[in-house]
Amino acid sequence: MQHNIVKATLLAGAALAALAACGTETREKESRATKAAAVPAPPKKKQPVQGLPGMPPVLDPKDVYAADRPGKLSPVVKDFPSRVYVPNTESDTVSVIDPKTFEIIDTIPVGRQPQHVVPSWDMKTLWVNNNRGHTLTPIDPRTGKAGKEVEVHDPYNLYFTPNGKYAVVMASLDRELVFRDPHTMKRVKTEPVTCYGVNHADFSLDGKYFIVSCEFSGELLKVDTERMEVVGQQKLPFDGAMPQDVKISPDGKKFYIADMMADGMWVLDGDKFDKPKLLPTGKGCHGLYVSRDSREMYVSNRGEGSVSVFDFTQDKLTKKWQLPDGGSPDMGGVSADGKVLWLSGRYDAEVYAIDTRTGAQLARIPVGSGPHGLAVYPQPGRYSLGHTGIFR
């Protein structure tokens, strides 16, 4: 009997010890789990954007304009004098304005019907698009002197692929996208299009495609950059649409396309290339220009003499600036310090300088007849995609 009691006692003690050990192990596991939870997980590394081969790396996947901060001039352009180059389509000249004095300091004769002044990909040359003269006039931004004209047929507008491999001529009346050598302008490939009036474009965040507006048929194209081929086409859902300028959002998720007949911007998912939505801005919506901090976009409304301000974060229009005495604000650009928006007055033979903080008109400068795609130069950025200055 006593033997059985001792045996039972030993068994009970062993069971209690086992339970105690089990409890200890559980507490230790819980303690280890708590400590593990308290240690922050290592931050996820940003996956670099796999861009178009040969394209400079994307600095910030959330801001395609990260290189365009105020005064952040490339070593290539930092010593160029600050000027505003205004192509006068009916005078066949380029007016050169000193932005400090708001005065014209030179008038450069060029070819017939100059439409846009376009910075080259390497930012060393400004190309004047003499649309009906079928030539490009190079201007050296260091000296302000024009060089020998280069024969290029129907150069309404001019862009450059993000890797600098090709110039892309928007041959509006020829109904072609013409890929050329970016230096000699020798034709490399011609891509015929079925829409009418190709005129403006912008590239995706990774540079692998670009969206083109077709003014006279109210259509959009999606073009594969490397293949140099149209891979998508759609008619805008508005009778009589006339799309103009094209600009990508800082995060690369949306494209905005100005439409002068729909009186607003089309908002498009470029990757999906599905049906866009219209955001009304004002009569004759025309040019689109991103602020130096990538927070806002200035939208010129040519038909009513105003500028609408679109806030990217709020995804809405927040202000509208009316030009005193009206006007026809068209194409232009933002000063290197981001403080002044420059726009041509297409039907008023003048140029407007607008304070980007207040919307106040700083100057109204008489120029030649039919001023159009003026270039503010130099501007921040590592390379140019063309038009009047799209920099990345």
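The values are calculated or read from the model by the stated rules, or taken from the named source; none is laboratory data. All values derive from a computational prediction rather than experimental measurement. So basically every Cβ, Gly included, is an ideal-geometry build from the backbone, and we count neighbours across all protein chains shown. SASA here: full protein model, heavy atoms, side chains in, ligands and nucleic acids out. Shrake-Rupley method; radii C 1.70, N 1.55, O 1.52, S 1.80 Å.
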Worksheet item: Residues in segment 291-313: is at least one in contact with a Ser or Thr (Cβ under 7 Å, 6 or more places away or on another chain), basic (K, R) and either outside any strand (DSSP E or B) or open to solvent by 10 Å² or more (accessible area, probe 1.4 Å) (or both)?
Response: yes
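Every residue, every condition in (1) open to solvent by less than 50 Å² (accessible area, probe 1.4 Å); (2) not in a loop (DSSP other than H, G, I, E, B); (3) not β-branched (V, I, T), yes or no:
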site	(1), (2), (3)
G111	yes, no, yes
V117	yes, yes, no
G133	yes, no, yes
T137	yes, yes, no
L177	yes, yes, yes
Response to the item:
Residue count, segment 200-230, condition assigned to a strand (DSSP E or B) and either without any contact (Cβ under 8 Å) to a residue 40 or more places away in the chain or not basic (K, R) (or both), comes to 17
Worksheet item: Considering only segment 267-290, how many residues are of a type in the set (K, R) and either at pLDDT below 95 or assigned to a strand (DSSP E or B) (or both)?
Response: 1
Discussion item. Would you confirm, using the coordinates I've provided, whether G147 is in contact (Cβ under 8 Å) with a residue 24 or more places away in the chain and open to solvent by 10 Å² or more (accessible area, probe 1.4 Å)?
Written reply: no
Practice prompt. Being assigned to a loop (DSSP other than H, G, I, E, B) and over 17 Å from T143 (Cα atoms) is the filter; apply it to segment 88-102 and report the residue that is most open to solvent (accessible area, probe 1.4 Å).
Written response: K100
Worksheet item: How many of the residues making up segment 150-171 are assigned to a loop (DSSP other than H, G, I, E, B), surrounded by fewer than 23 Cβ atoms within 10 Å (Cβ to Cβ) and touching a Pro at 6+ places or on another chain (Cβ under 8 Å)?
Response: 4
Discussion item. Considering only segment 189-199, I want to know if a residue exists there that is in a loop (DSSP other than H, G, I, E, B), of a type in the set (A, V, I, L, M) and open to solvent by 50 Å² or more (accessible area, probe 1.4 Å).
Written reply: no
